[in-house]
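Input: a single structure, listed below in structure tokens.
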Amino acid sequence: MATIKRADLDAGWVDLGDVATGRRLAPLHPGVHLAEMIRALGVTPYRVAKDAGMPLTRLAAILKGERAITADTSIRLGRLFGQSDGYWLRVQTAYEVARAEAADAGYDAIRPLAEAGR
């Protein structure tokens, strides 16, 4: 594999056309991140649900991307995994904001009131 030098990048001599498309990747549901964490720890979803004191059906729906993470679930998961109480809620919020931005609902046309002459 050839080494790419910074000078070659700056000079435009490196073609990254097959790597960078300019399109954003679709946002990942927090359940994807949670599933990866569970796999990495080598525990089962049943154990996570039981130890966090939540129904397995709730956890399963999150892992499938069918349910959002609530404040209650965020606190439970955060305490179980040694994270802040709001960690998983912030992951959920970031996902929802990314989805809304990707939907292109005309947000670019909104200007701050200060610019509108008020």
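The values are calculated or read from the model by the stated rules, or taken from the named source; none is laboratory data. Remember, predicted model here, so these are calculated numbers, not experimental data. No Cβ is skipped: glycine too gets one built from the backbone with ideal geometry, and neighbour counts run over all protein chains shown. Please note that ligands, DNA and RNA were not included when accessible areas were found on the heavy atoms of the full protein model with its side chains. Shrake-Rupley method; radii C 1.70, N 1.55, O 1.52, S 1.80 Å.
Accessible surface for the chain, divided over its residues, is 75 Å² per residue with a 1.4 Å probe.
Spread over its residues, the convex hull of the C-alpha atoms of segment 45-118 is 113 Å³ per residue. With K and R counted +1 and D and E -1, the other residues having a Cβ less than 14 Å from that of Tyr87 yield a net charge of +1.
With θ taken as phi - 60° and the Karplus curve 6.51 cos²θ - 1.76 cosθ + 1.60 applied, the whole-hertz 3J(HN,Hα) list for segment 34-42 is 5, 4, 5, 5, 4, 4, 5, 7, x Hz, x standing for glycine and proline.
For segment 70-109, the fraction of 1.4 Å probe accessible surface lying on carbon and sulfur atoms is 53 percent. With K and R counted +1 and D and E -1, the other residues having a Cβ less than 12 Å from that of Asp51 yield a net charge of +4. Charging the Cβ of each Asp and Glu at -1 and of each Lys and Arg at +1, and nothing else, the dipole of the chain about its Cα centre rounds to 560 debye. Helical runs (DSSP H, four residues minimum) scored at -39500 (n - 2.57) apiece and divided by the length of the chain put the mean residue ellipticity at 222 nm at -15500 deg cm²/dmol.
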